[in-house]
Amino acid sequence: MIRLENIQRRYVSDDVETTALADINLEVAAGEFVAIMGPSGCGKSTLLNTLGTVDRPTAGRYLFGDRDLVALNEAELARFRAMTLGFVFQSFNLIDELTIAENVELGLIYRQDSGGDRKARVAAAMDRVGVSHRARHFPHQLSGGQQQRAAIARAIVGEPKLILADEPTGNLDTENGQQVMDILTSLNAEGATIIMVTHSPSHADIARRRINMLDGRIVASLARAI
Amino acid sequence: MNRFAFLTLYRSLTRHRLYAALNIGGLAIGIAVFLVLGLYVRFETSYETWLPRHNQVYLVQTVWNMPDSPFNGAYPNTMGGLLEEMQADFPGLSGTRINNVGATVLRGGIGTAEDLAWVDSQFFDLFDLTMLQGDGARALAAPSNVLIDANIAHKYFGTTDPVGQTLTLNIGAGTAPYRVAGVFAPLPRNTDLKFTMLTRIPKGAPQGNEDWWYRWGSTSVNTYLRFPDPAAAKAFAARMPAFVVRHGTADLGANADKTMQLTLLPLADHHLTPAGREMASVRQTIVTLGIVGVLTLLIAIVNYVNLATARAGLRAREVAMRKVLGASRGTLVRQFAGEAILTTALAALLALALAELGLPLVNAAAGLTLSIPYALVVPALVVLAIVVGMGAGLYPAVLLSRFPAAAVLASARSPGGGRTGARLREMLVVFQFTLATAFIIGTFVLVAQTRHLRQADLGFARDGLIVIKSGAGLSEGQQSTMRDAIGGLPMIRSVAMADTAAGGFGNNNANNIEIPGRPGEGPSLREIVVGRNFFTTYGARVVAGRLFDDRHGTDDSNGTKGTENRAIVINRTAVPMLGFRSAQDAVGKTVGKGRPRTIIGVVDDMRFFSPHVPMDATYYTYWSRYLGAPVITVRYAGPMDAAMDAVRATWRKIAPEVPFDAAPADQDLAKLFAADDHAANLFTIGSVLAVLIGCVGLWGLASFNTSRRVKEIGIRKALGASSRDIVRLLVGQFLRPVLMANVIAWPLAWVAMRHWLAGFSDRIALSPLYFVAATLLALGIAVVTVLAQSLRASRATPAWALHHE
């Protein structure tokens, strides 16, 4: 489903050039659960952002199915994200001024889904992660675990082909972290493709494939025996 | 904007109440100032535009161009018989004269003065007044008809139908009954036309005016002409020089068309066109206040942009998340621009309320009767909300939508628009404070100048004087009886008659006085004809020589011919004009060849006229007996009311049929600079609010910057900085743009105020003190504005600050 060919990402600031990604080649098949690991600054998040099209590679090809995403313009990429991707972040990134239900619904609005359809999807997504009772609350009224589950509901409400999770358990205690991992695992079991950045070896073990990165390169790609 | 965008805005405003209050409040004040000053400008520029055919009507101006004359310039008056001579030369010319002769309405032997104007029968072709009763044009066909406005109708006839009733009017010399033939709606406030009654102007020269009605060079009526289009008016104006030569050469001499020109002024331009040497103060005031309104709005918009971009940083995460969820840049720009428009609309609504609440105060301060025309203002505010919203919201919108989502989401810190953003915000603060400081300087200078006018030495004691303007109606016998009777009242110190008085009432006469031994006609000097006790009543200061004295028989001009020698007193300004080195040097000298005048004394300049008009070189002649149309000045002691009552009672006893029209001189003089006072008040209100908005902006910016720097402050403190160091750092950072603003504001204000002061003949010096004081004030305001927050930030414990995100 996904193919990265010779992807490079360089940042140039004043006199310093930093290479965040160097010659990344990666293939991810539909239905896979991939964990990306590596020390801080190795390029994990850059890789995830590139996969999520919120960061553009400096060079290389990014094929999603048979589309080359590098060739798309801003508006086409925005449409692509709305239709295809779901994001989960370490710091949840819920919008403070919107209720949980509204946060979950927001992505559907950008897809211009019809109103009745949206309501049903939002209800289902919140139900799926167990935050329905918090629908009318604002993010700051929820615990960290609840906020992250709401963020997952937002990520899955549009039934995306790909879910990108950037240290989704990083800000959570063990119990809440486990709950989030359980949700991701079951989503994957139902067929969702998931790519997750994590520092936790145990959470990485849940994924079917683990990619290790160092200094902007993939140094190992290990498939877990099932 | 989708529903969620509205919700986000609503919740963001209610959650961040202080921010909302600063942002919307500042913008509302800016819009309110703009609105009120806009209404003022609209009022002042709307004079006569209420007339249906105003753009076809032109006022004939007499333009004088004589060597050294104090009266050079364009005047709105013409010779009485000009229209008749024009219509004889240009058949079919449509026009009317308006001669504000005034009338005394006589009822039961008591006279009441009313504003009556003589007009021609074609008057209604040009001035299509709204008739409430009767046919105006037809009414003017008969010379014994009078048209009155609704107020006069109510005053004299109450609820009775006025049409067909009779009013006994004394117009000029004769008393006669007039039949009320119609009632017109009272004139609106935005007009320079001053009449409440109209009758037809007599054919030929009116009685008593025979000498000068057809004399070229006299100016006694307003003449209006109507042309179908500007081209026709232009073509007509081009034929004027030949017309002047044809008819005026006999009176004006050779080169009549050089000495005097006739020009056409569109009716609607009349109000803002200064007469003669008057400085263009009305127009200047309007332009100034219009600029103040626009700049205040601009300051408020800058405020909005500043606060919105500063806050943009705090919304970066929201923006990034929206992008991740699939919002395009266009969607985001639309959302934020929409927010700006909505916010502006809220501010506009609040501004309307503020303007409605503030208008009575503004009206009182500026002598206005403005009201808000909602039918016009509401659509204008909608447009303003969209334009200002787009203007103010576009930059923050573009800035916000440009935040790179990945970087924002990866970073713990919120971007604040980077170094460019910070620099831009600092530049905006510089801009705001430049205007604010310039406004403060302007306010100081304006207030000082208007104070100066109120307290300036006029060359005479302005307190304790009553000026009676209706002396022209007195007969020769009544004049002397009145003078003696009023002079005999216990609280009256002295009484004087003259053809001119403080406040600018009376005649304007000027004569050329040849200087012996020099070629040419000599300079033109104002002549003031005075009776007994004139100088002592005013308390004039003698500079050299002596004043008129009955013991010197030659002082009295009564019985002398113009070609005989007369004694004159001149003012200080006339001394160099007549070629003398000093006042002493002038005394005893005789000037004027064919009409010799011997200078017996020099007095200090006495300023009777508007402070916008230069002081005239003046000479005084003394007439012990009858003066043609005297203005009477009375000096009293004790309370004004008692003196006024006693004088009025005496007047009613001696001349009940002549209206008593009198006022304290200081009141009349105050009217000469009332417009300046009012303008100064409006300017001050505008400036104070502009400075306030600037402060709101600075406060908001300081608040955001300080909160963004909490962690930095923690680090600095952990490294050993004291609270004082932190305060100095933060306050110093905000003083830099304020100081820069002052550097720019000084030359701006200097140029503007020098220009404004040039409009006054009697003016203060542009002292550097005003500038220094304004700078200190601006700095003081800035320090107070940011100090509280800096103090709070400086007191935070480093441990807390270091964990602050």
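Of these, A:D96, A:D166, which one is within 12 Å of chain B (Cβ to nearest Cβ) and either over 17 Å from the mean Cα position of the chain (by Cα) or on the phi > 0 side of the Ramachandran plot (or both)?
A:D96
For region B:671-703, which residues satisfy the criterion of being among the hydroxyl-bearing types (S, T, Y) and at pLDDT below 85?
B:S703
Could you say whether any residue in region B:128-149 is of a type in the set (S, T, N, Q), out of contact with any helix residue (DSSP H, G or I) (no Cβ under 9 Å at 6 or more places or on another chain), assigned by TED's automatic domain parsing to the domain that holds B:F236 and farther than 26 Å from B:R189 by Cβ?
Within region B:128-149, one or more residues are of a type in the set (S, T, N, Q), out of contact with any helix residue (DSSP H, G or I) (no Cβ under 9 Å at 6 or more places or on another chain), assigned by TED's automatic domain parsing to the domain that holds B:F236 and farther than 26 Å from B:R189 by Cβ.
How many residues, within region A:37-61, are open to solvent by less than 50 Å² (accessible area, probe 1.4 Å) and within 14 Å of chain B (Cβ to nearest Cβ)?
Residues meeting the conditions: 15.
Collect the residues in region B:536-546 that are closer than 13 Å to B:V495 by Cβ and surrounded by 21 or more Cβ atoms within 10 Å (Cβ to Cβ), keeping them in residue-number order.
Answer for region B:536-546, where residues must be closer than 13 Å to B:V495 by Cβ and surrounded by 21 or more Cβ atoms within 10 Å (Cβ to Cβ): B:T537, B:Y538.
Within region A:67-77, does at least one residue satisfy the condition of being at pLDDT below 90, part of a loop (DSSP other than H, G, I, E, B) and either under 29 Å from A:T174 (Cα atoms) or away from every other protein chain (no Cβ under 11 Å) (or both)?
The answer is yes; a qualifying residue exists.
Among the residues of region A:150-163, how many are away from chain B (no Cβ under 12 Å), under 23 Å from A:H137 (Cβ atoms) and under 13 Å from the mean Cα position of the chain (by Cα)?
The total comes to 3.
Could you list, in sequence order, the residues of region B:342-369 that are modelled with pLDDT under 90 and either among the acidic types (D, E) or surrounded by 20 or more Cβ atoms within 10 Å (Cβ to Cβ) (or both)?
B:T343, B:T344, B:V362, B:A366
Which number in (1) within 30 Å of A:R136 (Cβ to Cβ); (2) modelled with pLDDT under 90 marks the one condition that A:I100 misses?
(2)
Regarding B:L59, is this residue in contact with a helix residue (DSSP H, G or I) (Cβ under 6 Å, 6 or more places away or on another chain), open to solvent by less than 40 Å² (accessible area, probe 1.4 Å) and within 14 Å of chain A (Cβ to nearest Cβ)?
When the stated conditions are applied, B:L59 does not pass them.
Which count do you get for residues in region B:719-758 that are within 37 Å of the chain's Cα centre (by Cα) and open to solvent by 70 Å² or more (accessible area, probe 1.4 Å)?
Matching residues across region B:719-758 total 11.
I'd like the full set of residues that are modelled with pLDDT of 85 or more and touching a helix residue (DSSP H, G or I) at 6+ places or on another chain (Cβ under 8 Å), limited to region B:610-629.
B:A617, B:T618, B:Y619, B:Y620, B:Y622 - these are the residues of region B:610-629 that are modelled with pLDDT of 85 or more and touching a helix residue (DSSP H, G or I) at 6+ places or on another chain (Cβ under 8 Å).
Rundown of residues vs (1) of a type in the set (V, I, T); (2) open to solvent by 20 Å² or more (accessible area, probe 1.4 Å); (3) over 36 Å from the mean Cα position of the chain (by Cα), yes/no style:
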| site | (1), (2), (3) |
| --- | --- |
| B:I171 | yes, no, no |
| B:T175 | yes, yes, yes |
| B:Y178 | no, yes, yes |
| B:P206 | no, no, no |
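Residues in region B:555-578 that are of a type in the set (G, A, S) and at pLDDT 90 or above: how many?
2
What pairs come up if the first residue lies in region B:655-676 and is basic (K, R), the second is open to solvent by less than 30 Å² (accessible area, probe 1.4 Å), and their beta carbons are under 8 Å apart, counting only those six or more places apart or on different chains?
B:K671/B:G503
Applying the selection to region A:177-186, what residues are surrounded by fewer than 21 Cβ atoms within 10 Å (Cβ to Cβ) and in contact with a strand residue (DSSP E or B) (Cβ under 9 Å, 6 or more places away or on another chain)?
Matches in region A:177-186: A:T185 only.
Looking at this structure, is A:V34 open to solvent by less than 30 Å² (accessible area, probe 1.4 Å), under 14 Å from the mean Cα position of the chain (by Cα) and away from chain B (no Cβ under 14 Å)?
Here the answer is yes, as A:V34 does meet what is asked.
Going through region B:218-229 one residue at a time, which ones are touching a strand residue (DSSP E or B) at 6+ places or on another chain (Cβ under 8 Å) and open to solvent by 30 Å² or more (accessible area, probe 1.4 Å)?
B:T219, B:S220, B:R226
Can you pull out the helices (runs of 4 or more DSSP H) entirely within region B:246-358 that have at least 3 residues that are within 14 Å of chain A (Cβ to nearest Cβ) and in contact (Cβ under 8 Å) with a residue 60 or more places away in the chain?
In region B:246-358, the matching helices (runs of 4 or more DSSP H) lie at B:316-324.
So which residues in region A:16-49 are closer than 22 Å to A:A223 by Cβ and β-branched (V, I, T)?
Of everything in region A:16-49, those that are closer than 22 Å to A:A223 by Cβ and β-branched (V, I, T) turn out to be A:I24, A:V28, A:V34, A:I36.
Just wondering, is there one or more residues in region B:220-240 that are within 30 Å of B:P177 (Cα to Cα), part of a loop (DSSP other than H, G, I, E, B) and not charged (D, E, K, R)?
Yes; the residues of region B:220-240 include at least one that is within 30 Å of B:P177 (Cα to Cα), part of a loop (DSSP other than H, G, I, E, B) and not charged (D, E, K, R).
Do any residues in region B:625-643 that are in a loop (DSSP other than H, G, I, E, B) have Cβ atoms under 8 Å from those of residues that are modelled with pLDDT of 95 or more and among the aliphatic types (A, V, I, L, M), where the two are at least six apart or on different chains, and which pairs are they?
From region B:625-643, no pairs qualify.
Considering only region B:374-388, state which residues are open to solvent by less than 40 Å² (accessible area, probe 1.4 Å) and farther than 25 Å from B:A308 by Cβ.
Passing the criteria: only B:V377.
Criterion first (at pLDDT below 90, of a type in the set (V, I, T), within 30 Å of B:S218 (Cα to Cα) and not in a helix (DSSP H, G or I)) does B:V60 satisfy it?
For B:V60, the condition - at pLDDT below 90, of a type in the set (V, I, T), within 30 Å of B:S218 (Cα to Cα) and not in a helix (DSSP H, G or I) - is not met.
Residue by residue, here is whether (1) open to solvent by 40 Å² or more (accessible area, probe 1.4 Å); (2) in contact with a Lys or Arg (Cβ under 7 Å, 6 or more places away or on another chain) holds:
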| position | (1), (2) |
| --- | --- |
| A:L63 | no, yes |
| A:D66 | yes, no |
| A:L85 | no, no |
| A:L98 | no, no |
| A:E102 | no, no |
| A:L108 | no, yes |
| A:D117 | yes, no |
| A:V122 | no, no |
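Using beta carbons and a limit of 7 Å, which pairs, at least six apart or on different chains, have the first residue in region B:546-565 and in the same structural domain as B:Y622 (by TED's automatic domain parsing) and the second one assigned to a loop (DSSP other than H, G, I, E, B) and among the charged types (D, E, K, R)?
B:D555/B:D549; B:N558/B:R625; B:G562/B:R595; B:T563/B:R595
Strands (runs of 3 or more DSSP E) wholly in region B:141-199 with at least 1 residues that are aromatic (F, W, Y) - which ones?
Because the criterion is at least 1 residues that are aromatic (F, W, Y), the strands (runs of 3 or more DSSP E) in region B:141-199 that meet it are B:174-184.
If a residue has to be more than 7 Å from every other protein chain (Cβ to nearest Cβ) and within 21 Å of B:A316 (Cβ to Cβ) to count, how many in region A:78-93 make the cut?
Result for region A:78-93: 5.
For region B:2-23, name all the residues that are of a type in the set (F, W, Y) and open to solvent by less than 90 Å² (accessible area, probe 1.4 Å).
B:F4, B:Y19
The values are calculated or read from the model by the stated rules, or taken from the named source; none is laboratory data. Everything numeric in this text was worked out from a predicted model, so none of it was measured. Note: ideal-geometry Cβ built from the backbone for every residue, glycine included; neighbour counts use all protein chains shown. Surface areas here come from the heavy atoms of the whole protein model, side chains and all, with no ligands, DNA or RNA. Shrake-Rupley method; radii C 1.70, N 1.55, O 1.52, S 1.80 Å.
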